[in-house]
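Below is one structure, written out as structure tokens; comments come after it.
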Amino acid sequence: MLPSPDAGIDTAAPRRVTRRWPLTVLRACTCVLLLLTLAQPVLAGMFITGDTDLLDLHALNATLVSVMSWLTVAAAVTLWRPGGGPVWPVGLTLVTAGLVEAQSGFGYARQLALHIPLGVALVAGLTAQTYWVFAHRAGHRTENGSR
């Protein structure tokens, strides 16, 4: 009996590599976004205590938070494609960016009953997201997602 032409060939599912640089970019974007977001209640609190000039800085920082939230979406997309990472951070960052836009709208409309609780939720959510991006490890994954 002749050996099979496929003898000696590994037929296991091919492995894909999760690249590290997209995860590093996502980590940097998430950290900057969290820091900018943490500055918002400080600026608002200082405004409330009488330093009215800080309202302009609060508004400027809101613009930076918005821009950074969309850069974080781009970083999550890069982690997924071409990075080979999971897809769910794309959805998470899209939801976050949408909530940031809603937060900004509520602030400019002076809807503080929505603006303040959403701000607290964004700080909590971004803290959890920051934890995840540092807990996640890039590495080899098989097609079914196991390491």
inquiry  = Looking only at the stretch 63-102, filter to residues that are touching a helix residue (DSSP H, G or I) at 6+ places or on another chain (Cβ under 7 Å) and polar (S, T, N, Q); which one of those is nearest to residue 28 (Cα to Cα)?
reply    = 72
inquiry  = Out of the helices (runs of 4 or more DSSP H) lying entirely within the stretch 11-118, which hold 2 or more residues that are among the polar types (S, T, N, Q) and in contact (Cβ under 8 Å) with a residue 60 or more places away in the chain?
reply    = 20-48
ask   = Hey, among the residues in the stretch 68-112 that are among the small types (Gly, Ala, Ser) and farther than 30 Å from residue 56 by Cβ, which one's surrounded by the most Cβ atoms within 10 Å (Cβ to Cβ)?
value = 76
key: Of residues in the stretch 50-66 being of a type outside the set (A, V, I, L, M, F, W, C) and under 27 Å from the mean Cα position of the chain (by Cα), the one farthest from residue 100 (Cα to Cα)   = 56
ask   = Looking at the stretch 55-73, is at least one residue closer than 30 Å to residue 137 by Cβ and in contact with a His (Cβ under 9 Å, 6 or more places away or on another chain)?
value = no
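FYI, it's all coordinate maths here, none of it is from the lab. Please read these numbers as outputs of a predicted model, since none were measured by experiment. Virtual Cβ from ideal backbone geometry, glycine too; neighbours counted across all protein chains shown.
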